[in-house]
Amino acid sequence: MSNVVIIGTQWGDEGKGKIVDWLSEKAHLVVRFQGGHNAGHTLVVDKKIFKLSLLPSGIVRKNTIVLIGNGVVIDPFHLKKEIDELKKQNIKISPKNLIISDSAFLILPIHQVIDQLRENKKNTEKIGTTGRGIGPSYEDKVGRRGIRICDVFDKDNLFLKLSELYGFHNIWLRAMGEKNINPKEISEKLWDLGQILKPYVQPSWLLIDKYKKNSSNILFEGAQGTFLDVDHGTYPFVTSSNTIASQAGIGAGLGPTDIDYTLGITKAYTTRVGSGPFPTEDKGDNGISLGKKGNEFGTVTGRQRRCGWFDSVLVKQAVSLSSINGIALTKLDVLDGFKEIKICTGYSLDGNIINYLPSSEKQQKNLIPIYETIKGWEGSIVGIKSINELPKSAIIYIRKIEELVGCPVILVSTSPERSDTIYIKDPFSSN
Ligand code: IMP
């Protein structure tokens with residue numbers, strides 16, 4: 001038995017979906033433990049494209065059970081839509097292979113209204129949220145007025161809870177010159193939808209406990225990335241959940257000693273969507289080229305991602321924050337054709353050299369990256385499946401990354417296709 005956590009080591013969009021899908025072949029259970037439908041995973045399986053936001057990527061595997069843990073915020077209407085769309089693509093989804101935690105909090109339409117209004121009315125720099133209500137839902141959770149999925153099955157209580165919640169938010173909506181929202185309609189819709197979702201719902205810790213006792217392999221699938229973590233990221237330009245590995249325990253219901261291996265997913269360059277500091281951002285030709293070749297457009301919002309060179313300072317910090325055991329290096333093929341490739345090895349800040357990301361927003365914005373340049377490679381590495389077949393410069397690049405971030409690269413992805421992966425070590429057989 002082995003439990004593996006997968007997390008993003010940058011600002012999300014590292015290509016986690018493909019790696020989770022690939023590893024889920026060995027997993028009996030795949031678990032999402034934070035975030036919501038702000039995440040976007042594109043899976044390419046036998047040239048068929050699957051787009052997932054809320055459902056764990058293991059859902060496209062025939063014999064894998066997937067769990068949406070208590071740490072996830074669920075828009076139940078979106079969930080239903082995503083299930084229906086996958087079913088249309090001939091993916092079988094039933095309470096036999098999809099389980100939803102009974103204590104996961106809901107994202108309600110009012111959360112989306114608030115998320116979007118706040119962004120539109122903000123005078124200072126916008127966060128650039130996905131507008132899906134993630135932040136407001138998590139706020140209600142810690143404000144102890146949130147609605148959990150288990151609340152949906154008690155009709156009278158649901159209406160009472162919603163009335164309290166909507167009453168709270170209507171004060172702010174009125175102050176913003178907006179209309180009050182009445183919870184009656186949503187209460188009825190939620191009740192109806194609850195009846196459809198009910199068979200899928202059970203305590204997530206209990207299910208995990210069962211799998212632990214059966215010596216199963218469990219894969220914990222993180223969303224977003226380390227520097228979008230609400231505690232450890234580029235605050236306030238972050239999401240509203242913890243995205244680092246420790247959250248797997250909290251957001252699913254198990255302790256830290258049950259985690260055997262943490263795999264950090266790392267893109268061979270850096271991207272970020274939305275606002276906020278990005279020391280290695282390249283607004284020139286190289287950044288444009290990375291964006292075009294890497295097809296760097298958000299799966300959820302379609303927004304163009306900001307692009308730049310690999311930042312080893314960030315990834316080294318992510319390795320420490322999540323005790324990462326191994327790195328899966330993705331999109332290495334996007335660097336095909338670059339004559340020179342740069343790697344950020346440190347920052348200059350007010351005349352001093354530092355090798356970590358400072359917490360202060362102002363300092364983060366003033367960082368000047370220090371680069372080391374290595375030679376690019378000729379030809380294409382798309383589809384290569386063995387490390388020995390890679391050009392020498394690509395191997396040098398990988399070794400340099402390992403040296404700088406202090407962690408071995410154990411997987412290399414050379415195209416979006418499931419099978420185009422160089423496999424060096426299996427995280428599930430790490431003991
Ligand atoms: P929110 O999670 O919608 O509140 O957005 C907060 C920030 O996180 C914004 O900059 C988003 O662009 C970013 N973000 C949220 N989810 C993802 C993701 O899955 N990939 C990359 N960025 C994300």
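General observations
- The strands (runs of 3 or more DSSP E) found entirely in segment 26-82 that carry 2 or more residues being within 15 Å of K16 (Cβ to Cβ) are 29-32, 41-45, 48-52.
- Here the condition is being over 21 Å from I127 (Cα atoms) and of a type outside the set (V, I, T); of L290, L314, it holds for L290 alone.
- Residue in segment 1-11 that is under 16 Å from the mean Cα position of the chain (by Cα), closer than 25 Å to V409 by Cβ and of a type in the set (G, A, S) present: yes
- Residue ranges of strands (runs of 3 or more DSSP E) in segment 233-345 with at least 1 members under 23 Å from L404 (Cβ atoms) and away from the ligand (no atom under 16 Å from the Cβ): 261-267, 326-330
- Out of N295, N355, N325, N366, one residue alone is without any contact (Cβ under 8 Å) to a residue 12 or more places away in the chain and of a type in the set (S, T, N, Q). It is N295.
- In the set (1) assigned to a helix (DSSP H, G or I); (2) surrounded by 12 or more Cβ atoms within 10 Å (Cβ to Cβ), the condition left unmet by G146 is number (1).
- E188 being farther than 30 Å from P427 by Cβ and without any contact (Cβ under 8 Å) to a residue 24 or more places away in the chain: yes
- Among the residues of segment 299-348, not one is at pLDDT below 95, in contact with a helix residue (DSSP H, G or I) (Cβ under 8 Å, 6 or more places away or on another chain) and among the small types (G, A, S).
- Qualifying residue in segment 350-359 (condition: outside any strand (DSSP E or B), of a type in the set (D, E, K, R) and within 19 Å of the chain's Cα centre (by Cα)): no
- Matching residues in segment 206-223 - criterion: being surrounded by 15 or more Cβ atoms within 10 Å (Cβ to Cβ) and either assigned to a helix (DSSP H, G or I) or out of contact with any Lys or Arg (no Cβ under 9 Å at 6 or more places or on another chain) (or both): L207, I208, Y211, K212
- Residue that is surrounded by the most Cβ atoms within 10 Å (Cβ to Cβ) [pool: residues in segment 114-136 that are in a helix (DSSP H, G or I) and acidic (D, E)]: D115
- The single condition among (1) within 16 Å of I68 (Cβ to Cβ); (2) within 19 Å of the chain's Cα centre (by Cα) that G264 does not satisfy is (1).
- Checking each residue in segment 7-25 for being within 13 Å of the ligand (Cβ to nearest atom) and either surrounded by fewer than 24 Cβ atoms within 10 Å (Cβ to Cβ) or of a type in the set (G, A, S) (or both) picks out G8, G12, G15, G17.
- Test: S53 is over 20 Å from Q202 (Cα atoms), of a type in the set (G, A, S) and either more than 13 Å from the ligand (Cβ to nearest atom) or in contact with a Lys or Arg (Cβ under 6 Å, 6 or more places away or on another chain) (or both): no
- Within segment 62-79, the presence of a residue that is more than 24 Å from L108 (Cα to Cα), among the aromatic types (F, W, Y) and out of contact with any Asp or Glu (no Cβ under 8 Å at 6 or more places or on another chain) is excluded.
- For L404: the one exception among (1) touching a residue at least 24 places away in the same chain (Cβ under 8 Å); (2) under 28 Å from I49 (Cβ atoms): (2)
- When segment 26-49 is limited to residues that are closer than 16 Å to D420 by Cβ and within 16 Å of the ligand (Cβ to nearest atom), the one that is nearest to the chain's Cα centre (by Cα) turns out to be T42.
- Each residue in segment 56-79 was checked for being away from the ligand (no atom under 12 Å from the Cβ) and either out of contact with any helix residue (DSSP H, G or I) (no Cβ under 9 Å at 6 or more places or on another chain) or charged (D, E, K, R) (or both), and 4 pass.
- Of the criteria (1) surrounded by fewer than 14 Cβ atoms within 10 Å (Cβ to Cβ); (2) not assigned by TED's automatic domain parsing to the domain that holds P56, which one S163 fails: (1)
The values are calculated or read from the model by the stated rules, or taken from the named source; none is laboratory data. Quick caveat: nothing in here was measured; it's all calculated off a predicted structure. When we count neighbours, we look across all protein chains shown, and the Cβ atoms used for this are built from the backbone with ideal geometry, even at glycine.
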